[in-house]
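> Attaching a single structure in structure tokens format; questions to follow.
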Amino acid sequence: EAGVTQFPSHSVIEKGQTVTLRCDPISGHDNLYWYRRVMGKEIKFLLHFVKESKQDESGMPNNRFLAERTGGTYSTLKVQPAELEDSGVYFCASSRGTGHYEQYFGPGTRLTVT
Amino acid sequence: DAKTTQPNSMESNEEEPVHLPCNHSTISGTDYIHWYRQLPSQGPEYVIHGLTSNVNNRMASLAIAEDRKSSTLILHRATLRDAAVYYCSTSYGKLTFGQGTILTVHP
């Protein structure tokens with residue numbers, strides 16, 4: 001089966017611009033997670049979808065970040081407007097279920113805000 | 001989510017066993033113990049997980065302390081491809097990544 005894919009692999013934007021990251025989970029996986037690693041720090045959880053519903057968005061840093069998963073398939077994470085501290089690697093993961101299920105990670109999107 | 005503590009780095013020789021420890025003294029009763037690893041320029045990769053009993057799979061073994069406050073990931077014969085950052089996480093659902101352990105494998 002195809003793995004989790006993320007697009008783009010790398011994005012360079014200027015401060016104040018908007019960027020949209022996309023994640024395509026493994027087919028049939030209802031659970032979708034977003035994580036990010038900024039400036040060499042630890043990987044941090046952002047939010048969790050179950051199908052199209054946000055199950056947990058406690059990790060979203062502020063209202064400049066908007067995540068959607070229309071139709072419960074792919075997900076987008078929009079950053080508007082981008083700030084310098086948003087630079088980092090954004091990972092998406094999907095799983096069959098919640099809790100103890102294995103999460104399959106995508107390769108990540110490297111976001112650079114200049 | 002419970003906090004985990006891992007050594008910053010460990011080294012091993014190829015084909016030797018490696019024991020990677022993790023302390024998670026504040027683990028709650030419903031939390032699973034997950035291990036993931038990350039190779040350079042890749043997303044984290046699942047290794048193994050468990051709740052109370054020791055677990056084995058094709059990649060590794062997981063030894064869980066009786067009080068569940070610590071666990072050890074065991075790679076039975078390290079290969080060069082096992083060189084990575086290894087993370088343990090105690091959670092139900094979303095994962096929490098600490099600094100992890102950088103494993104270096106020498107030929």
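Read-outs throughout are calculated quantities, based only on the coordinates presented, and are distinct from any laboratory measurement. Bear in mind the structure is a predicted one, so any value in this text is a computation, not a measurement. Cβ sites come from the backbone with ideal geometry, for glycine too, and all protein chains shown count toward neighbours.
> Starting from the Kirkwood radius over alpha-carbon pairs of the range B:1-43, derive D by Stokes-Einstein at 25 °C in a medium of 0.890 mPa s and give it in µm² s⁻¹.
189
> Just need the relative contact order of chain A here, percent rounded to a whole number, with Cα pairs under 8 Å and 6+ apart.
Numbers: 291 pairs, mean separation 42.0, N = 114.
So the answer I get is 37 percent.
> Would you kindly state the longest site-free stretch of chain A, with sites defined as trypsin sites (Lys or Arg not before Pro) in a DSSP loop (not H, G, I, E, B) surrounded by at most 13 other Cβ atoms within 10 Å?
For trypsin sites (Lys or Arg not before Pro) (loop position, at most 13 other Cβ atoms within 10 Å), the longest site-free span of chain A is A:52-95.
> Here's something else I'd like to know. When A:Asp56, B:Asp82 are ordered from fewest to most other Cβ atoms inside 10 Å of their Cβ, what list results? Let's see the in-between values first.
Numbers: A:Asp56 16, B:Asp82 20.
If I rank by nearby Cβ atoms, fewest first, I get A:Asp56, B:Asp82.
> Looking at chain B as a GNM with Cα springs under 10 Å, which of B:Gly50, B:Gly93, B:Gly29 has the largest mean-square fluctuation?
Among B:Gly50, B:Gly93, B:Gly29, the largest GNM mean-square fluctuation belongs to B:Gly93.
> As a test of the definition: which semi-axes, in Å, follow for the protein assembly as shown when you take the square root of five times each eigenvalue of its alpha carbon gyration tensor? Largest first, please. Could the numbers behind the result be given before it?
Details: eigenvalues 182, 76, 50 Å².
So the equivalent ellipsoid measures 30, 19, 16 Å along its semi-axes.
> From the convex hull of the Cα coordinates of chain A, what is the mean projected area in square nanometres?
That works out to 6.5 nm².
> What's the exposure ranking of A:Tyr35, B:Tyr46, going from fewest to most Cβ atoms within 10 Å?
The order, fewest Cβ neighbours first, is B:Tyr46, A:Tyr35.
> Would you list A:Phe65, A:Phe7, A:Phe91 from fewest to most Cβ contacts within 10 Å?
Starting with the residue having the fewest Cβ neighbours, the order is A:Phe7, A:Phe65, A:Phe91.
> Distance between the C-alpha centers of the range B:54-107 and the range B:1-29? Whole Å please.
Taking the Cα centre of the range B:1-29 as reference, the centre of the range B:54-107 is 6 Å away.
> May I pose another question? By how many nm would the segment from A:Arg64 to A:Lys41 grow when fully extended, if each residue of separation counts as 0.36 nm and the alpha-carbon distance is taken off?
6.2 nm
> Report relative contact order for chain B in percent, whole number only (criteria: Cα-Cα under 8 Å, sequence separation at least 6).
Once normalised by length, the contact order is 38 percent.
> HN-Hα J couplings of the range B:22-37 from phi, Karplus 6.51/-1.76/1.60, θ = phi - 60°, integer Hz, Gly and Pro as x?
For the range B:22-37, the Karplus-derived couplings read 8, 9, 9, 5, 9, 4, 9, x, 9, 6, 8, 9, 10, 10, 10, 9 Hz, x marking Gly and Pro.
> With chain A treated as a Gaussian network of Cα nodes joined by springs under 10 Å, which of A:Gly99, A:Gly16, A:Gly59 yields the largest mean-square fluctuation?
Evaluated over chain A, the most mobile residue of the options is A:Gly99.
> Also, I was wondering about something else. Among all stretches of chain B without exposed trypsin sites (Lys or Arg not before Pro) (DSSP loop, at most 13 other Cβ atoms within 10 Å), which one is longest?
In short, B:4-57.
> In a solvent-free Debye calculation with one equal scatterer on each Cα, what is log10 I(q)/I(0) for chain B at q = 0.12, 0.14, 0.17 Å⁻¹, listed in the order of the q values?
Treating every Cα as an identical point scatterer, log10 I(q)/I(0) equals -0.35, -0.48, -0.71.
> Please tell me the relative contact order of the range B:11-54 in percent, rounded to the nearest whole number, where contacts are Cα pairs under 8 Å and at least six residues apart.
Working: 27 pairs, mean separation 12.4, N = 44.
It comes to 28 percent, rounded to a whole number.
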